[in-house]
Amino acid sequence: MTQVPPKERIDQLRQLINDYRYHYHVLNESTMSEAAADSLKHELTKLESEYPELITPDSPTQRVAGQALDKFQKITHQVPMISLNDVFNRDEVEAWVQRMDKLLPGTIHEFICDIKMDGLACALIYQDGILVQAVTRGDSRVGEDVTMNVRTIENVPLALRSNQKYSFMLRGRTEIRGEIVMYKDDFAALNARRKKSGQPLFKNPRNLAAGTIRQLDPRLVAERPLHFVGYDVLRDNADDVPSNAVGYQMLQELGVTTSGQTRVMTKIDDVMEYVDELDSKRQNFNFNTDGLVIKVNDRSQFTNLGVVGKSPRGAVAYKYAAEEATTIVKDIVISIGRTGAATPVAVFDPVEVAGTTVQHASLHNADEIARLDVRRGDTVIIFKAGDIIPQVERVLTELRPKDSKAINYNQELTRQYPELEFVRPEGEAVYRVKGATGPLLLKRALQHFASKGALDIDTLGEKNVVALVDSGLVNDLADIYKLTTSDLLQLERFADISATKLIGAIAAKKQPPLERFVYGLGIRHVGTQTAIDLVNYFGGLDKLSHTTIDDLRQVEGVGEVVAESVVAWFADDDNNSLLSKFEQLGVVPYFAKKSGKLVGKNFVITGSLESMSRDMAADKIRALGGTFQTAVAKDTDYLVAGGRVGASKLKKAESYGTKVINETELIELL
């Protein structure tokens, strides 16, 4: 895959983001979710920070929103309605505070937090307490006059509420900023009525609120239940509003609805605790939200901190884990499941989605690949189905590399599995290994799992495996750990002694060496030594299961084919369910770091040994920390020459300077 130059990638991102913003803010259409657009903008921001010479004044990072609609009168904001920089974790919040500390050294910060509503930003302008104008954000400097429409919103005060505490607010110009939203239950009720009358349903509350305010007929606006929720108040005399907390008190006293979720604090620990608290509560709010706003409470401090680019230094928007994000497909690998089904998997750059890092997603079958037209190098939108399983929503073809090629599924099967033959049964979407059935594959897998090179489970040989699978007692590898003596006694093959012996042998292997467990899983192309190499490199099953193809390439002896196979195995949903089941049943593989006098020494055995089998010799070498290799290489230290020695290995050993020893010398080393 050709690496896209930074300038070309930046230009592509700008064009796509500008197109999204135009549709979203001007045409009131959504070409992608806001979370996906945020992800693209985050990538663009990172690229521009790496290559500041490529920043241009028209970049989406240098402005706030789209143009004002021509059908409304354009109004210039007295104070621009600028946007906030996004932060996504505690480190970024702390970095923000540190930047403020450099600008205002010795200052004690007090913070105010408020939920960030997903609506249409709007400014209400009052003159001597009477509503005279309502203006949308527009492009942050020029908005749209929507006064007649906003006047129909029930909770917008046409006159500010009289009160003694803030009576001065009823004199002169007062500007109140907030969000126009539609509550979830109102949205659901409206869609229910439309469904009943056969009308098309609205997509989401945010788009509906924005589209409603932009209607020319105020009567239509009056029919739809909108709400204004205030978050800021501006006066010509800045001293009138000394802090943001006072501003919120003013809003409530003046009769303006607020979120009710504001809180003032002085410590970052308290801020982050509130971030987590709102995250756990936000699904129960009657409005949509994707985060919260964190501001410096003192307005004079806020002003002194100033503005950088198009964002104030004294406030940030904390964004919760996106339910969607964008990433780049690095590869498409095919996994063979326990039923013989060939499942394609997209492997991509790690990306945060709904609070977790994901780096691969099932593409299900050849038809889904064709429907999505997903290719290596594509930028895709990832989402989590049911907040659990990562899925590819669609491809952003606008960012597709020029040299990309469509996936030919049959060619991919042949390339990745040259020794297997696949068929697609009539009426099915899935290709399967020809001649293989689920029970047959399970029997082979279980025999391998119990073999001497893997977990070495005594008495779980071929005949017992067949009996367990055919009886339905075992439906996957983990099921052997659920077996009881009474289960086995139902089968003709078992009596009290044999049943007790097998159950004991299985129980004895509940804490197997990790390398044997990994080998026993039957990951394609992962032999005994490769399993050892993988375990020694990653040191744990969790790290191995979340690795990338790039990481795997760093492991000695692991090439492209093995890397693809490992990633595909751990990307398979059935395999992940199997690992979870092992854990639930108390199977805990352990990792023992290499130790012994043969650590760092590599051995190859050629010919037959008299005192032990080759597998036994390999186990003894590994037990002392050595590495058993299947072929002589540049790093091979010893070639053990037994009976009927292979001439080719001796010749290769001579060319590499590898020391050749006999069986007696090997025994001395052991």
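The values are calculated or read from the model by the stated rules, or taken from the named source; none is laboratory data. In this text, all values refer to a predicted model and were calculated from it rather than measured experimentally. Every residue, glycine as well, gets a Cβ built from its backbone with ideal geometry; the counts of neighbours run over all protein chains shown.
Where residues in the range 366-396 are in contact with a strand residue (DSSP E or B) (Cβ under 9 Å, 6 or more places away or on another chain) and assigned to a helix (DSSP H, G or I), which of them is surrounded by the fewest Cβ atoms within 10 Å (Cβ to Cβ)?
E368
Identify, from the list E462, E492, E426, the residue that is surrounded by fewer than 18 Cβ atoms within 10 Å (Cβ to Cβ), free of Cβ contacts under 8 Å to residues at least 60 places away in the same chain and in the same structural domain as T343 (by TED's automatic domain parsing).
Just a single option satisfies the conditions, and that option is E426.
When you go through (1) assigned to a helix (DSSP H, G or I); (2) over 30 Å from E564 (Cβ atoms); (3) modelled with pLDDT under 90 one by one for L442, which number turns out not to apply?
Of (1) assigned to a helix (DSSP H, G or I); (2) over 30 Å from E564 (Cβ atoms); (3) modelled with pLDDT under 90, only one is false for L442: (2).
Looking at the range 74-93 only, could you name the residues that are of a type in the set (D, E, K, R), out of contact with any Phe, Trp or Tyr (no Cβ under 9 Å at 6 or more places or on another chain) and surrounded by 14 or more Cβ atoms within 10 Å (Cβ to Cβ)?
The answer is K74, R90.
Among the residues of the range 174-213 satisfying the criterion of being modelled with pLDDT of 90 or more and in a loop (DSSP other than H, G, I, E, B), which is surrounded by the fewest Cβ atoms within 10 Å (Cβ to Cβ)?
Per the criteria, the residue is Y183.
Six or more apart or on different chains, Cβ atoms under 8 Å: show the pairs whose first residue is in the range 124-137 and charged (D, E, K, R) and assigned to a loop (DSSP other than H, G, I, E, B) and whose second is modelled with pLDDT of 95 or more and surrounded by 18 or more Cβ atoms within 10 Å (Cβ to Cβ).
From residues that are charged (D, E, K, R) and assigned to a loop (DSSP other than H, G, I, E, B), the pairs are R137/C122; R137/A123.
Determine whether I334 is buried (at least 19 other Cβ atoms within 10 Å of the Cβ), within 23 Å of P418 (Cα to Cα) and not assigned by TED's automatic domain parsing to the domain that holds G260.
Answer is yes for this residue.
Picking from V293, V275, which residue would you name as being of a type in the set (V, I, T), in the same structural domain as H109 (by TED's automatic domain parsing) and not in a strand (DSSP E or B)?
On inspection, the qualifying residue turns out to be V275.
If only one of A499, A505, A531, A563 is small (G, A, S), in a helix (DSSP H, G or I) and touching a residue at least 40 places away in the same chain (Cβ under 8 Å), which one is it?
After applying the criteria, what remains is A505.
In this structure, is I523 of a type outside the set (D, E, K, R), under 21 Å from T459 (Cα atoms) and not assigned by TED's automatic domain parsing to the domain that holds A342?
Judged against the criteria, I523 is not a match.
For the range 126-149: of the residues being of a type in the set (V, I, T) and surrounded by 21 or more Cβ atoms within 10 Å (Cβ to Cβ), which is nearest to the chain's Cα centre (by Cα)?
Taking the candidates together, the pick is T136.
Being assigned to a loop (DSSP other than H, G, I, E, B) and either surrounded by fewer than 21 Cβ atoms within 10 Å (Cβ to Cβ) or at pLDDT below 95 (or both) narrows it down to one of K71, K102, so name that one.
K71
What number goes with the only condition from (1) crowded, with 17+ Cβ neighbours inside 10 Å; (2) touching a helix residue (DSSP H, G or I) at 6+ places or on another chain (Cβ under 8 Å) that K509 does not pass?
(2)
Answer yes or no: is there a residue in the range 220-241 that is over 20 Å from L124 (Cβ atoms), outside any loop (DSSP other than H, G, I, E, B), touching a strand residue (DSSP E or B) at 6+ places or on another chain (Cβ under 7 Å) and assigned by TED's automatic domain parsing to the domain that holds M81.
Checked against the condition, which is being over 20 Å from L124 (Cβ atoms), outside any loop (DSSP other than H, G, I, E, B), touching a strand residue (DSSP E or B) at 6+ places or on another chain (Cβ under 7 Å) and assigned by TED's automatic domain parsing to the domain that holds M81, the range 220-241 yields no hits at all.
So which residues in the range 542-551 are modelled with pLDDT under 90 and either of a type in the set (G, A, S) or in a helix (DSSP H, G or I) (or both)?
D542, K543, S545, I549, D550, D551
Just to be sure, is E560 outside the structural domain of V329 (by TED's automatic domain parsing) and within 27 Å of A623 (Cβ to Cβ)?
So E560 does not fit the description; no.
Can you work out which of the residues in the range 402-433 that are part of a loop (DSSP other than H, G, I, E, B) and of a type in the set (S, T, Y) is farthest from R371 (Cα to Cα)?
Step by step, filter the range 402-433, then rank; the result is Y417.
Filter the range 1-58 down to the residues that are within 17 Å of L399 (Cα to Cα), modelled with pLDDT under 80 and in contact with an Asp or Glu (Cβ under 7 Å, 6 or more places away or on another chain) and list them by number.
Listed by number, the list holds a single entry, T2.
Can you tell me which of P205, P218 is touching a residue at least 40 places away in the same chain (Cβ under 8 Å) and more than 34 Å from the chain's Cα centre (by Cα)?
Criteria check complete, one pass: P218.
Give the number of residues within the range 563-610 that are surrounded by fewer than 21 Cβ atoms within 10 Å (Cβ to Cβ), aliphatic (A, V, I, L, M) and within 28 Å of A623 (Cβ to Cβ).
Of the residues in the range 563-610, 7 are surrounded by fewer than 21 Cβ atoms within 10 Å (Cβ to Cβ), aliphatic (A, V, I, L, M) and within 28 Å of A623 (Cβ to Cβ).
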